[in-house]
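The values are calculated or read from the model by the stated rules, or taken from the named source; none is laboratory data. Since the structure is predicted, the reported quantities are computational estimates derived from the model, not experimental observations. So basically every Cβ, Gly included, is an ideal-geometry build from the backbone, and we count neighbours across all protein chains shown. These accessible areas exclude ligands, DNA and RNA; they are computed on the full protein's heavy atoms, side chains included. Shrake-Rupley method; radii C 1.70, N 1.55, O 1.52, S 1.80 Å.
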Amino acid sequence: MHWLLRIDRRLIYALVAIAIGLPTLWRFRLPIAPSPPVEGVHSAIEALEPGQVLLASLDFDPASAPELEPMSRAVLRHAFRKRLRVIAMTHWPQGVGLANQIVEQTVREFDEITVAFERFASRQQAEQRRAALAGQPLAEALGGPAAVGAAGTAVIRAGAGSVRSRSGAEPPAWSPALLQALGQAEPGSSALVEDPERGWYLLAVRERTPSLRYGEDYVFLGQRAGLGILIVSMGQSMHAAFPADAAGRPTREMPVFRGVETLGDVDYLICLAAGNSGEAWVAYGAERYKFPMGIGCTAVIAPDLYPYWQAGQITGIVGGVKGAWEYEHLIGIPAQATEMVPAQTVAHMVVIALIAICNLGYFLSRRRGGAR
Amino acid sequence: MLKRTVPVAIAFVVGLWFVIQYFVPAGWSQQSLTDATNWAKILLGFAYILGLYSLVHVHWLRIRRRQPGYGYSLLVYLGLGVTVALGMVGEVEKAWNLLAGGSASFADFQTYGGPNWTSGVDWIYTYVLYPASATMFSILAFFIASAAYRTFRARTLEAALLLVAAAIVMFGRVPLSAAIDQAIPQFADWIMAYPNMAVKRAILIGVTLGMVATSLRIIFGIERAYLGGD
Amino acid sequence: MADADNAAAGTGQGETGRQRALRLAAVAVLLGTFAAVNVLIFQKEGGHSLRAGGELVWKPLGATVTWEGIGIVVAAGLTLALYSFLYADNAFFKAAEHLYVGVGLGYSLVLAWFQYIKAELYVPLVKYWVRESWLGEQVPGRPDWKLIVPMILGLFLLARFVRRLEWMSRWAFAFIIGLGAGMSIPLFIDAQVLRQVEQTIAAVRFDALLVALNTLVLLVGVISVLIYFYFSIEHRGAVGLVSKIGIWFLMISFGASFGYTVMGRMALLVGRVQWLIQDWLRIPIQG
């Protein structure tokens with residue numbers, strides 16, 4: 001056999017690890033053009049009015065989280081920014097914790113977060129300031145009367161990527177990574193942040209005021225068994241299918257369900273599927289109870305969904321990290337998927353190269369030693 | 001009679017009714033579907049617990065029979081025990097309070113954990129279940145790269161077609177290809193939307209007809225595998 | 001017991017004393033490196049972070065240790081133990097794998113109680129017996145008596161555990177299977193056959209060359225693959241040719257699926273590697 005056909009599997013593993021590790025450390029920008037299936041989901045949600053109901057079925061567990069978590073967050077950000085009412089659930093037992101985290105964290109991003117900061121010319125100055133303030137609550141001291149650097153405050157909504165108001169000095173550029181971290185930061189926590197243009201910022205979270213209310217703006221129903229049977233049950237009566245939410249609170253009195261008795265009252269359904277729940281939502285749900293829907297899914301099952309898209313049974317498909325990246329681009333909030341795409345691109349090229357090498361080796365060995 | 005005829009009769013009556021029910025929009029007919037799906041959903045919860053039990057049982061047998069590597073099965077029980085303990089401690093506490101004094105502040109609505117334990121299950125989920133599950137499946141990335149290298153050879157016309165389609169789709173999905181020529185991702189999109197879609201549609205139609213046939217066989221009692229042995 | 005120890009240590013058969021010593025040394029070095037890396041990370045972090053911390057604050061060696069910090073170390077350890085399988089099957093991999101199975105089962109059981117049993121049967125029904133009839137309390141609301149049906153059928157299902165009553169579980173299964181089969185037939189025929197055929201025909205248009213080509217591809221693809229899967233006629237002559245075309249279409253589609261599968265699998269790995277680099281090692285990212 002040709003030597004090109006005898007590369008050790010561990011060498012290939014190492015190659016894959018490097019192909020993913022290096023671009024994770026050194027990211028690069030890539031051109032982007034959203035594809036029609038992704039636009040189909042985005043424009044359908046974009047067309048909804050504030051107060052309309054989006055049902056988000058987060059049907060995956062941690063095993064597929066890297067593919068589906070970024071698009072779940074992007075869709076939820078889009079929905080909350082548009083002030084839609086969000087009813088979230090999952091069909092997967094082990095997905096309950098994950099879906100709950102995703103919903104709650106996205107909601108937290110929409111808190112009004114007050115950030116106090118001081119700007120310094122160098123990292124050294126910033127660290128000196130931090131050392132001088134050791135032991136004091138940074139959130140109060142920063143930007144106070146005894147400020148050393150150029151001080152200011154800003155009120156942001158991290159999830160919407162928007163600044164509500166600000167005073168004092170120019171704040172740092174709100175990079176996606178900073179917004180993501182601030183979105184979850186507890187009051188009192190602090191960080192040292194570099195802004196390539198303006199210098200070094202010492203910033204701290206002063207307070208956060210929730211803007212989305214549980215049971216009113218959103219709800220997380222948790223999970224029930226049954227898949228298709230559960231979908232029909234929801235189509236008959238939402239409250240029969242889910243008498244209680246994930247925390248066991250009765251759903252009947254929740255204002256988020258105002259005017260939503262069955263699946264037919266849902267204005268749009270997005271299913272984020274790692275398995276066959278997308279097909280189940282179409283066959284048992286959308287066809288029978290008539291509501292528009294879209295599917296976000298792992299790349300593995302995306303090709304299987306094209307017949308439904310062509311038949312107009314779903315408005316679009318968000319496939320894998322690539323789809324999530326396009327979605328993040330469409331809503332203008334680059335996040336997790338945007339961070340993953342460079343590494344995925346290099347890994348892809350490595351696999352294509354491996355296939356090329358093995359075929360080259362195959363042809364060379366055939367030419368030399370006859371057919372094998 | 002009780003073991004075979006009754007279950008087959010139940011499947012027949014229930015199955016036939018819910019085929020017909022689809023075409024009967026009356027209120028009582030709708031109510032029957034609402035109730036039946038609600039009940040089946042609850043029953044499937046029981047069935048799920050049965051499934052979990054059989055998994056637990058497998059490891060129990062391994063330990064009891066001292067099969068090679070049964071030490072690992074003890075780890076299964078360690079993980080199971082700690083998680084269930086953290087999850088149910090609040091329930092046990094509440095049940096205790098209820099039996100001891102029938103406390104009026106007894107909360108019916110609460111998820112797992114007691115006052116100080118609430119985050120225990122979440123911690124295990126975030127730092128044990130999540131990373132282990134995600135890592136197990138990410139290992140497939142290495143295997144698929146290695147498999148692509150070892151088996152993807154253009155031996156026949158069919159294999160070549162598969163290979164070329166895979167390469168075009170893969171390359172078309174890489175943002176780099178758009179930088180070279182916009183036609184590459186467009187061609188990949190076309191493969192997905194036409195040849196691929198046509199095949200997936202044919203498979204969908206075929207598989208669905210098969211499923212419908214199986215459903216009919218179940219309703220008419222020809223297919224009885226779900227009843228188990230004897 | 002000796003047998004189990006042997007398996008637990010993952011020793012290969014016929015290993016010499018020298019090989020064993022080398023292997024143990026390698027394991028010790030790896031574990032030592034893992035421990036040292038973690039200590040360094042904790043010291044460097046020093047508790048300054050935008051992350052939400054846990055309640056536990058413990059400061060050995062000047063490092064701040066929180067429940068979150070311990071969690072990240074545990075998660076990193078599990079991740080690396082599972083990846084060690086890529087080198088060779090070993091005891092660390094097996095231990096991590098079994099722990100994962102156990103925790104997964106435990107989590108599912110806990111949720112099954114809260115979501116399937118408590119929320120569906122205890123709160124709407126059983127609660128009233130326990131608290132009104134038995135403890136003599138006043139409970140607002142009324143029991144949902146219809147739920148007695150699934151409760152009894154559910155107990156029938158659990159009768160599986162008793163060999164002599166096993167047949168009772170069949171009644172419950174027959175109900176679920178019958179409902180599933182009956183309910184699915186009209187919906188599946190509608191969504192996955194009629195709508196699909198209808199839209200294939202609706203897409204037939206010949207108003208431009210490209211549109212005509214697409215129509216042709218669509219029609220030929222669907223029909224040839226269906227014929228390829230139709231085994232009741234012999235695949236000879238014209239039918240053989242069409243089914244051959246069907247194979248070509250299938251190959252193109254499998255290729256596309258393979259390409260997407262690679263994409264998905266790589267994404268899963270990217271997610272893990274990112275976690276290791278950013279959340280565990282906390283290496284700043286360039287770009």
Against the rule of thumb 2.2 N^0.38 Å, how large the Cα Rg of segment C:159-287 comes out: 1.79
Accessible area buried at the A-C interface, both sides summed, 1.4 Å probe (Å², nearest 100): 5000
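Rounded to the nearest percent, how much of the accessible area of chain A (1.4 Å probe, protein heavy atoms only) is carbon and sulfur?
Values: 7020 of 13150 Å².
Accessible surface attributable to carbon and sulfur in chain A totals 53 percent.
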Cα point-scatterer Debye curve for chain C, base-10 log of I(q)/I(0) at q = 0.09 Å⁻¹: -1.00
14 Å beta-carbon shell around C:Gly102, net charge (K/R +1, D/E -1): +1
Segment C:144-202: equivalent-ellipsoid semi-axes (sqrt of 5 x gyration tensor eigenvalues, Cα, Å): 38, 14, 6
Largest-first ordering by accessible area, 1.4 Å probe, given options B:Ser73, A:Ser167, C:Ser232: C:Ser232, A:Ser167, B:Ser73
Accessible surface, segment A:28-103, averaged per residue in Å² (probe 1.4 Å): 27
Average accessible surface area per residue within segment C:144-202, 1.4 Å rolling probe, Å²: 46
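Pull out a ≥ b ≥ c, the square roots of the eigenvalues of the alpha-carbon gyration tensor of segment A:112-209, then state rounded if a/c is under 1.5, prolate if not and a/b is larger than b/c, and oblate in the remaining case. Kindly include the intermediate steps, with their values, before the conclusion.
On the way: a/c = 1.62, a/b = 1.32, b/c = 1.22.
Prolate, because a/c is 1.5 or more and a/b exceeds b/c.
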For segment B:1-67, the fraction of alpha-carbon pairs in successive 10 Å shells from zero, as %: 17, 28, 27, 16, 9, 3, 0
Net charge of Cβ neighbours under 12 Å - reference B:Asn38; Lys, Arg +1; Asp, Glu -1: 0
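For segment A:241-337, compute the orientation-averaged projected area of the C-alpha convex hull (one quarter of its surface), in nm².
Result: a mean projected hull area of 7.6 nm².
State whether the protein assembly as shown is rounded, prolate or oblate according to the following rule on the C-alpha gyration tensor (a ≥ b ≥ c being the square roots of its eigenvalues): a/c under 1.5 gives rounded; otherwise a/b larger than b/c gives prolate, and the remaining case gives oblate.
Working: a/c = 1.32, a/b = 1.09, b/c = 1.21.
It comes out rounded by the Cα gyration axes.
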Protein accessible area in chain C, 1.4 Å probe - carbon and sulfur %: 68
For segment B:159-230 and segment A:62-104, distance of Cα centres in Å: 26
Whole-Å distance, taken between Cα centres, linking segment A:155-222 and segment C:130-209: 45
Descending semi-axes in whole angstrom, ellipsoid equivalent of segment B:111-230, from the Cα gyration tensor: 38, 32, 17
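Return the FRET efficiency for the residue pair C:Tyr87, B:Leu78: r is the Cβ-Cβ distance, R0 is 35 Å, and the value is rounded to the nearest 0.05.
Details: r = 25 Å, r/R0 = 0.73.
The calculated FRET efficiency here is 0.85.
Leaving out ligands, DNA and RNA, what percent of the accessible area of segment B:8-74 is carbon and sulfur, probe 1.4 Å?
On the way: 2300 of 3190 Å².
Using a 1.4 Å probe with all protein chains present, segment B:8-74 comes out at 72 percent carbon and sulfur.
Quick one: work out the % antiparallel among DSSP beta bridges in the protein assembly as shown, nearest 5.
55
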Candidate residues A:Thr106, B:Thr126: accessible-area rank, largest first, probe 1.4 Å: B:Thr126, A:Thr106
Cα-based shape type of chain B, given that a ≥ b ≥ c are square roots of the gyration tensor eigenvalues and the cut on a/c is 1.5: oblate
Per residue accessible area in Å² of segment B:124-202, where ligands, DNA and RNA are left out and the probe is 1.4 Å: 33
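Tell me: how much accessible area in total is hidden between C and B, 1.4 Å probe, Å², nearest 100?
Numbers: alone 22220 and 18180 Å², together 29200 Å².
Heavy-atom accessible area buried at this interface is about 11200 Å².
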Sum of -39500 (n - 2.57) over DSSP H runs of 4+, divided by residues of the protein assembly as shown (222 nm, nearest 500): -18500 deg cm²/dmol
Selected from A:Glu253, A:Glu216, A:Glu46 as most flexible by GNM, with chain A as the system and alpha-carbon contacts under 10 Å: A:Glu253
Beta bridges per DSSP with both ends in chain A, % antiparallel, nearest 5: 55
Buried area at the B-A interface (accessible, heavy atoms, 1.4 Å probe, summed, Å²): 5000
Debye-sum result for segment B:154-221 in log10 I(q)/I(0), which assumes one identical scatterer on each alpha carbon, at q = 0.12, 0.18, 0.25, 0.29 Å⁻¹: -0.50, -0.76, -1.02, -1.11
Lysine pairs within the protein assembly as shown, Cα separation less than 25 Å, 8 or more sequence positions apart or different chains: 16
Per-pair calculated FRET efficiency, R0 = 22 Å: C:Phe34 and A:Leu22 via Cβ, rounded to 0.05: 0.50
Span-rule helices in chain A, defined as complete DSSP H runs reaching 18 Å or more along the axis (Cα) with Kyte mean at least -1.0: A:9-25, A:65-81, A:96-109, A:336-369
